[in-house]
């Protein structure tokens, strides 16, 4: 507290903030480093910092509460140290402008140093400094500038900035304070994607006519980051099923592509998805145990799928367990010739699956 008060007295500015990032003491410490050592500390300026989302507003007021300057800055992605340095540079620039105005109005510094409220709002860029000293001119031949007639007999020629020709001119405190300084702005960061793309897959299995058939699935799901719904495309395949047919056996497999969508709910560390697909399938059929064995044939089918998936999100990885029901609309059937009676293929299948999803976006 004592250190912060000493810094405030040295800088001539008191600072209040509605947030500890950046801390007022840190801003004042950076400001003290930027100001010249001979800068006056009796200005009694009051600065306030208010935050609103990813922006902060810096206001500078005089001792009577008059608003001298105001600036709103975007601080998205900036650290507390970067914010403190930026605010300190801005305050130092404003102080330099105030000192420059004081040098333009002598009575303000000599007789009414506390009436800073009379200063109008500061411009966005520092006001140009007005050189002190007599008005000078140069003759047409480029000779040294001549002194004013009323400057007195001891007046000597002065340089363009009011200094003796051979005397280097030292910068004033106001010029040092108002000189441009580098401002450390928050670095730009890539905007996060508004869409999430997940891909994954795993093995699946089904039971038909008392026999187990294995297969696999692969799914891609696209969803808005802030929305609970998603679009999905799924490719799945089931290995050979067997169906008794006359003196032999009919063997068939199915490869399907589904398009659809669904919704997702999250509860603590679990996610529950429900989705539906419109499926188009390619069925391949062959016979076994016939004399001779029948050649393979194929057909297309149309169906719908509905699934429930339970997942455990682990960062970008989501292991899942799924239970899906497929319903086929055409009612496929097989028959051996000479005809021994047709057999219908199952029109509905219940298919459990396990797998892993990976979030790419």
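Tell me yes or no: at least one residue of segment 295-304 is more than 20 Å from residue 243 (Cα to Cα) and exposed (fewer than 15 other Cβ atoms within 10 Å of the Cβ).
yes
Only one residue in 205, 227, 171, 218 is modelled with pLDDT of 80 or more, surrounded by fewer than 16 Cβ atoms within 10 Å (Cβ to Cβ) and part of a loop (DSSP other than H, G, I, E, B), so which one is that?
Criteria check complete, one pass: 227.
For every residue, the table says whether it meets (1) touching a strand residue (DSSP E or B) at 6+ places or on another chain (Cβ under 7 Å); (2) over 19 Å from residue 206 (Cβ atoms).
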{"position": "257", "(1), (2)": "yes, no"}
{"position": "264", "(1), (2)": "yes, yes"}
{"position": "267", "(1), (2)": "no, yes"}
{"position": "279", "(1), (2)": "yes, no"}
{"position": "289", "(1), (2)": "yes, yes"}
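Going by the structure shown, is residue 286 free of Cβ contacts under 8 Å to residues at least 40 places away in the same chain and either within 53 Å of the chain's Cα centre (by Cα) or surrounded by 15 or more Cβ atoms within 10 Å (Cβ to Cβ) (or both)? Quick ask: steps written out before the conclusion?
Numbers: free of Cβ contacts under 8 Å to residues at least 40 places away in the same chain: yes; either within 53 Å of the chain's Cα centre (by Cα) or surrounded by 15 or more Cβ atoms within 10 Å (Cβ to Cβ) (or both): yes.
Taking the combined requirement at face value, the residue satisfies it.
Only one of (1) surrounded by 13 or more Cβ atoms within 10 Å (Cβ to Cβ); (2) in contact (Cβ under 8 Å) with a residue 24 or more places away in the chain is not met by residue 347, so which one is it?
Result: residue 347 fails condition (2) only.
Quickly run through segment 62-88 and pick out the residues that are within 15 Å of residue 16 (Cβ to Cβ) and surrounded by fewer than 18 Cβ atoms within 10 Å (Cβ to Cβ).
Within segment 62-88, 63, 65, 67, 70 meet the criteria.
The values are calculated or read from the model by the stated rules, or taken from the named source; none is laboratory data. Treat the numbers as computed from the prediction; the structure is a model and nothing was measured. Backbone-built Cβ (ideal geometry, glycine too); neighbour counts: all protein chains shown.
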